[in-house]
Amino acid sequence: MSYISKTYMIVLLPLFFFGSQVVYAVQESRVARAIFTTKIVEREPIDQILILSNKIQNVFFFTDLRHFEGQSVTHKWVYNDKVESVVTFKVKGPRWRVFSRKEIKPAQLGKWTVVVQDEAGRSVKASVFRLIENAEKQVILPAVN
């Protein structure tokens, strides 16, 4: 067999077995991390709030977004089944870190939720923390990257 015939065999055999269909790998959009924190330093959370004393009034919500580029993503802050704040971000890269901040009044005790929504309004993640009066019972963990 000549060199040219062997080359055509190498090129044509995969087409024969696999067809001419081209397969593309599509990255699925996801939220890699979603964390309540007391502070953001260099675009990263310093800790992770689970239960927070009402002595601290500023709470941040951090999200590490993957493959949402070109889309808008929203943080919807919810307290007592009422939307308290809506913050929308334009995602400009395959990995995009964003955060929103909410000033919480000491009397707003109980469950706080942030729902992360894609631009179609679908909920893609939800996170919860609880605001309490007793500072001794708060639970704040180290941030996990």
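Taken together, the values in this text are just the output of simple stated rules run on the coordinates, not laboratory data. Computed from a predicted model, the values in this text were never measured in an experiment. Note that we place each Cβ from the backbone using ideal geometry, even for glycine, and neighbour counts take in every protein chain shown.
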**OP:** Answer yes or no as to whether ILE49 is surrounded by 15 or more Cβ atoms within 10 Å (Cβ to Cβ) and in contact with a strand residue (DSSP E or B) (Cβ under 6 Å, 6 or more places away or on another chain).
**Re:** yes
Original post:
Within the stretch 96-119, can you find the residues that are charged (D, E, K, R) and over 19 Å from ARG130 (Cα atoms)?
Top reply: ARG97, ASP118, GLU119
Original post:
Any idea which of (1) acidic (Asp, Glu); (2) surrounded by fewer than 12 Cβ atoms within 10 Å (Cβ to Cβ); (3) assigned to a strand (DSSP E or B) is the one GLU136 doesn't satisfy?
Top reply: (3)
Original post:
Does the stretch 83-91 contain at least one residue that is surrounded by fewer than 16 Cβ atoms within 10 Å (Cβ to Cβ) and touching a residue at least 40 places away in the same chain (Cβ under 8 Å)?
Top reply: no
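Among the strands (runs of 3 or more DSSP E) confined wholly to the stretch 18-120, which include 3 or more residues that are farther than 22 Å from ALA143 by Cβ, among the basic types (Lys, Arg) and more than 20 Å from the chain's Cα centre (by Cα)?
Once the strands (runs of 3 or more DSSP E) in the stretch 18-120 are filtered for at least 3 residues that are farther than 22 Å from ALA143 by Cβ, among the basic types (Lys, Arg) and more than 20 Å from the chain's Cα centre (by Cα), nothing remains.
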Original post:
Do we have GLN138 as in contact (Cβ under 8 Å) with a residue 24 or more places away in the chain, under 18 Å from GLN48 (Cα atoms) and more than 12 Å from the chain's Cα centre (by Cα) here?
Top reply: yes
